[in-house]
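Asks: Pasting a structure below so you can have a look.
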Amino acid sequence: MQSRRLLITAFIVLATAVMAHSSPARADGNDGVETILSQNGDGDTLIELVGGKGDSLVELPWIPAWVRECLSREWSLYQKEQYLSQYTGADFTVEGLKSEGLDPEEKWAAVICPTAPLEHTWDGIGGLYVTWRIEDGYPQVFSDWLVARAAATLQLHAPVSSASPLGTDDVPFITQLPTWLWVDEDQWQPVSVSTAVVFGAQATATATPINVTYTGADGETIDCGPNLGVPYNYDLKEDQQSSPCTLTYKHSSNIADWSLTTTITWEITYRCVPGCGSGTLGPTAISNEVPVTVAELQALLVKVPGT
């Protein structure tokens, strides 16, 4: 019988392998498909997005694909034995079950995962993840799967920062002058998804932004923590406002192609009811790199007539 280890623990192990060997994941934006490079960071899952738009949606890649394809079903004891017999070759009949004092119509539940690796199936039986008698209540491994299913449906927006100056060709960043950076409040909101109620249980996964950092192309990084940054107010003078989140580019775009990377770290938590627990799945950082234009102000010395 399948081990009753927490499925979430297995995900952590699987994630390390997936991040080390997987092809790039993808996120869809209005301008086509953006490229995400997934890798295992320092205890975090890091998703590196290049050129993602604000409406690009990113799925958490550390939930194995086979988990997303699982289906739950209710069946009778007879139907369960019939399914098992395809793999065990066991011979059984309704009369045989009755002769053993069993009710062929007894209600059972199951989670079937067609593409699950054999080590994650019930006694190595292809596709069957877990099955149990409904009146006994669902086992821990079922609620773990339900939590994973909720986390697998979380979609987070690619982080896009606001800046002053804008960093465009028309309004470039200026060398040696601080660039103000901030995240709009609509990007700094928790995101929650819930599964359907399955055999009386329901799981909810919530992603909450907890940290933002900015990195310039020259490697300078500003960690603003949970501070969104301060929007620049063009109605105020420079000495009337300040920001804890600024970067300074030292060279113009004539020297090299510069970029700005915004990284938001999300804390992923879950809650399963009734009575099947709550906890933390760990942080996930989504990093988005966009090109910027940096200009250099030139001083012009003019000889004043008569001097």
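The values are calculated or read from the model by the stated rules, or taken from the named source; none is laboratory data. Fair warning: this is a prediction, and the values are worked out from it, not measured in the lab. Note that each Cβ is placed from the backbone with ideal geometry, even for glycine, and that neighbours are counted across all protein chains shown.
Asks: Show me the strands (runs of 3 or more DSSP E) entirely contained within the stretch 192-282 in which 2 or more residues are more than 17 Å from Trp182 (Cα to Cα).
Replies: Numbers: elements: 202-216, 221-223, 258-273.
Filter on the stretch 192-282 gives 202-216, 258-273.
Asks: Related question: Could you grab the pairs with beta carbons closer than 6 Å, sequence gap of 6+ or different chains, first residue in the stretch 113-139 and among the hydrophobic types (A, V, I, L, M, F, W, C), second one exposed (fewer than 14 other Cβ atoms within 10 Å of the Cβ)?
Replies: That search, which allows pairs on different chains as well, returns Leu118/Gly124; Ile134/Lys107.
Asks: Which of the residues that make up the stretch 78-92 are more than 13 Å from Asp123 (Cβ to Cβ) and among the hydrophobic types (A, V, I, L, M, F, W, C)?
Replies: Phe92, the sole residue that qualifies.
Asks: Name the residues in the stretch 143-182 that are closer than 17 Å to Ser287 by Cα and outside any strand (DSSP E or B), would you? If you could, list the steps in order and put the result at the bottom.
Replies: Restricting attention to the stretch 143-182, the residues satisfying the condition of being closer than 17 Å to Ser287 by Cα are 154-163, 181-182.
Matches in the stretch 143-182: Leu154, Ala158, Pro159, Val160, Ser161.
Asks: Scan the stretch 223-243 for residues that are modelled with pLDDT of 90 or more and in contact with a Cys (Cβ under 6 Å, 6 or more places away or on another chain) and jot them down.
Replies: Cys224
Asks: Let me ask something additional. I'd like the full set of residues that are at pLDDT 95 or above and over 20 Å from the mean Cα position of the chain (by Cα), limited to the stretch 203-222.
Replies: none
Asks: State all residues of the stretch 98-139 that are closer than 27 Å to Pro274 by Cβ, out of contact with any Cys (no Cβ under 9 Å at 6 or more places or on another chain) and part of a helix (DSSP H, G or I); if no residue qualifies, say none.
Replies: Trp122, Ile134, Glu135, Asp136
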